[in-house]
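Notes follow once the structure below has been shown.
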Amino acid sequence: MTARSVVIVGAGFGGLECAKALAGQPVDVTLVDRNNYHLFTPLLYQVASSLLNPSDIAQPVRRVLRRAKNVRCTVGEVAGVDLKAKRLRLADGATIAYDDLVIAAGSTSNYFGMQSVEQAAHGLKDLPEALELRNHVLRCFEAAAREPNPERRQRWMTFLVIGAGPTGVEYAGALWELVRLVLAKDFRELDMRQVRVLLVEGKDAALPAFPITLGRAAQRELERRGIEVRLDTRVTGATAETVTLSSGETVEAATLVWAAGVKPSPLVAALGVPLTRSGRIAVDDTLRVPGVDGLYAIGDTAAVIKDGQEIPMLSAPAMQQGRWVARNIVRAVRGQPLEAFRYWDKGIMATIGRNAAVAKVGPLLLKGFIGWVAWLTLHLFYLIGFRNRL
């Protein structure tokens, strides 16, 4: 008897956890991703700020799953899915048949239709973007070191970060550390007091998804480090040298970093299944797509509702959903009824830099050094591989 065929699209947190949970089970699993590595995206900003090397947060998927004899890995870009024929089509023309399909394709930057901003901004969603941003920042300081004109030099040394969520706050803090602790020693001809880091947020608080006390604490720590925080302010346009804000101000800057929003992978819209207002796939309480046989969605692609709200696009929910879908697939193979997904909120956290972070873990609100220890412990726990943890 042929084993049930399961295809997982995406080797992010949800997809990889699903594949790991299906290891050794009576199913044949194919994990498809356009990259051959799993990326620990919560630390991507540290690669972008030169504080970590790419190999510290990337692990080959085949190495992670080398002991899973029933799991195969395929590198490829998904070009389309025939939901009726249950067949996946890759960009190179290859096709993969399945009995169950798990969509875990993740998300991409959402520029909300602002084409000028999209063209001028540096994203922070994948490894190539992080490396390009890191190289760009270093090029800016090289250019500033050669620039005799003070106004042009200031433009090279001005950095705008759009979005004061965890990614924006963490990148702004890491960029400040890079400037003060590293580049100040390498570019002695530059006055690093002229470096401007502006963090712009459209809502009225930094870290708007956090309790207000933690958002205020994060803002105070950012400002103590010399980072300018602009609240109730949005970017409305940009060029390679200027950024226009909703306040009417035009800032001359050679660097614009976008951390203000994400949207599900384009694959989601191409499936032709019902979507929510956020563009995520509508799923039932077992994480299946209603009306489509053998189709599941997890992570950033799935609209999982808890307390009337969609669960946020974070790694912890994606991992829980990946394991739950694997469990339900095994139950289906055994002829058992599927179980409704139960989400355990493990909290949220963000670091501003060394020895400073904010965290909400259950009822506990942590900040400062204690928050930083909690942040460090959680990230080390989730990092794949002992060498990466060390």
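For region 49-102, the alpha carbon convex hull comes to 132 Å³ per residue, rounded to a whole number.
Here the ratio of the Cα radius of gyration of region 20-165 to 2.2 N^0.38 Å is 1.40. Distant-in-sequence amide contacts of R72, defined by a placed amide H-H separation under 5 Å and a gap of 5 or more residues or a different chain, comprise V29, T30, L31. Among the protein heavy atoms of the chain, carbon and sulfur supply 51% of the accessible surface, probe 1.4 Å, non-protein parts ignored. What is the distance in Å between the Cα centroid of region 43-62 and that of region 298-336? If we compute the Cα centre of each part, the gap is 26 Å. Over the chain, accessible surface divided per residue gives 47 Å², non-protein components excluded, 1.4 Å probe. Note that region 315-325 has calculated 3J(HN,Hα) couplings of 5, 4, x, 4, 5, 4, 5, x, 5, 5, 4 Hz, one per residue in order, obtained from phi through the Karplus relation 6.51 cos²θ - 1.76 cosθ + 1.60 (θ = phi - 60°); glycine and proline are x.
P(r) for region 81-153, from all Cα pairs and a bin width of 10 Å, is 14, 24, 25, 20, 8, 7, 1 %, short bins first. Max-minus-min Cα coordinates of region 144-214 on each principal axis give 44, 23, 15 Å, with the largest extent listed first.
Taking Cα atoms only, the orientation of helix 368-382 departs from the longest principal axis of the chain by about 40 degrees. The convex hull drawn around the Cα atoms of region 256-390, when projected onto a plane and averaged over every direction, covers 11.4 nm². The amide H of V229, built 1.01 Å from its N in the peptide plane, has L199 as neighbours under 5 Å, considering only residues 5 or more places off or on other chains. Viscosity 1.567 mPa s, temperature 4 °C: what is the translational diffusion coefficient of region 193-305 from Stokes-Einstein with a Kirkwood Rh over Cα pairs, rounded to a whole number of µm²/s? So the translational diffusion coefficient is about 75 µm²/s.
The values are calculated or read from the model by the stated rules, or taken from the named source; none is laboratory data. Note that the structure is predicted; figures quoted are calculated from it, not measured. Areas reflect the complete protein model, heavy atoms only, side chains present, ligands, DNA and RNA absent. Shrake-Rupley method; radii C 1.70, N 1.55, O 1.52, S 1.80 Å.
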